[in-house]
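First up is the structure itself, then whatever we jot down about it.
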Amino acid sequence: MIWEWLAVLTANNGECVYCGAGSQTMDHVIPFADGGADELTNLVPVCHDCNRRKKDKTPPAWFVGMDLAIRWSGSGTPQGRSGRGDGIMSLREMYLAVHEEVLVLLDDLDAVAAEIADPKRREWFETRYQWYGYPSASYGAQTARKRAGERIADAKERGYPSVEEELARWMKQVGLSPAD
């Protein structure tokens, strides 16, 4: 539904949880192909590049594989000795270094999941955008996001007010009392 897309894409300040670029799509943290749920608690905002590269891996498996591929030069031995005294890290040292980074990534994923699952935030998106239905060729998630950007930013700043709170605020602005 459009409201679900908006709720996910605007989480984490609208940034990809993996690289920090602008979010463009949603990623199943636990891949759907591996039994991951197709619900808000398993979705995070990502860019197209990270979503394409991660494919059907879990974030730790993808991150470790990607990081070790970058760090490993292909020379030396698994114990890190190249025979040239150049201080090449062993596979164990590389894994331990990336392990700490994965723990930070998992903390970030937990924080974004908590933001998406926040009941007040979720209710705000659902009550305002449920009638938009499912994304289509003529009105997709990105179009909805562009049109709703200022409203979402304002709601975030005000703590995602309920419909009743927004009505009371509007009535005060136009000089009406609740008894009117």
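The values are calculated or read from the model by the stated rules, or taken from the named source; none is laboratory data. Being a predicted model, the structure only gives us computed values, none of them experimental. All Cβ positions, even for glycine, are placed from backbone atoms using ideal geometry, and neighbour counts span all protein chains on display. For accessibility, only protein heavy atoms count, side chains too; no ligands or nucleic acids. Shrake-Rupley method; radii C 1.70, N 1.55, O 1.52, S 1.80 Å.
Which residues, taken from the range 135-176, are within 20 Å of the chain's Cα centre (by Cα) and assigned to a loop (DSSP other than H, G, I, E, B)?
Correct list: PRO135, GLY140, GLY159, TYR160.
Take the range 95-110 and flag every residue that is touching a residue at least 40 places away in the same chain (Cβ under 8 Å) and open to solvent by less than 60 Å² (accessible area, probe 1.4 Å). Reasoning before the result, please.
Kept after step one, since they are touching a residue at least 40 places away in the same chain (Cβ under 8 Å), are these residues of the range 95-110: 102, 105-106, 108-109.
Listed by number, the residues that qualify are VAL102, LEU105, LEU109.
Name the residues in the range 21-41 that are under 10 Å from the mean Cα position of the chain (by Cα), open to solvent by less than 40 Å² (accessible area, probe 1.4 Å) and under 18 Å from VAL102 (Cα atoms), would you?
Selection gives ASP27, VAL29.
How many residues, within the range 142-180, are farther than 17 Å from SER23 by Cα and small (Gly, Ala, Ser)?
Residues meeting the conditions: 7.
Restricting attention to the range 1-60, which residues are among the acidic types (Asp, Glu) and within 16 Å of LEU106 (Cβ to Cβ)?
If we filter the range 1-60 for residues that are among the acidic types (Asp, Glu), which is where we start, we get 4, 15, 27, 34, 38-39, 49, 56.
Scanning the range 1-60 gives a single hit, ASP27.
Spot the failing condition for LYS156; the list is (1) touching a Lys or Arg at 6+ places or on another chain (Cβ under 9 Å); (2) within 24 Å of ASN13 (Cβ to Cβ); (3) open to solvent by less than 50 Å² (accessible area, probe 1.4 Å), and only one is missed.
Unmet condition: (3).
Starting from residues that are hydroxyl-bearing (Ser, Thr, Tyr) and in a helix (DSSP H, G or I), keep the ones in the range 117-134 and report whichever is farthest from HIS48 (Cα to Cα). Outline the logic, then answer.
If we filter the range 117-134 for residues that are hydroxyl-bearing (Ser, Thr, Tyr), which is where we start, we get 127, 129, 132, 134.
Subsequent filtering for residues that are in a helix (DSSP H, G or I) retains 127, 129, 132.
Numbers: THR127: 28, TYR129: 24, TYR132: 24 Å.
Selected residue: THR127.
Go over the candidates ARG92, ARG128, ARG122, ARG151 one by one and state the one that is open to solvent by 60 Å² or more (accessible area, probe 1.4 Å) and touching a residue at least 60 places away in the same chain (Cβ under 8 Å).
Working: ARG92 fails: touching a residue at least 60 places away in the same chain (Cβ under 8 Å); ARG128 fails: open to solvent by 60 Å² or more (accessible area, probe 1.4 Å); ARG151 fails: touching a residue at least 60 places away in the same chain (Cβ under 8 Å).
ARG122 is the lone residue from the list that is open to solvent by 60 Å² or more (accessible area, probe 1.4 Å) and touching a residue at least 60 places away in the same chain (Cβ under 8 Å).
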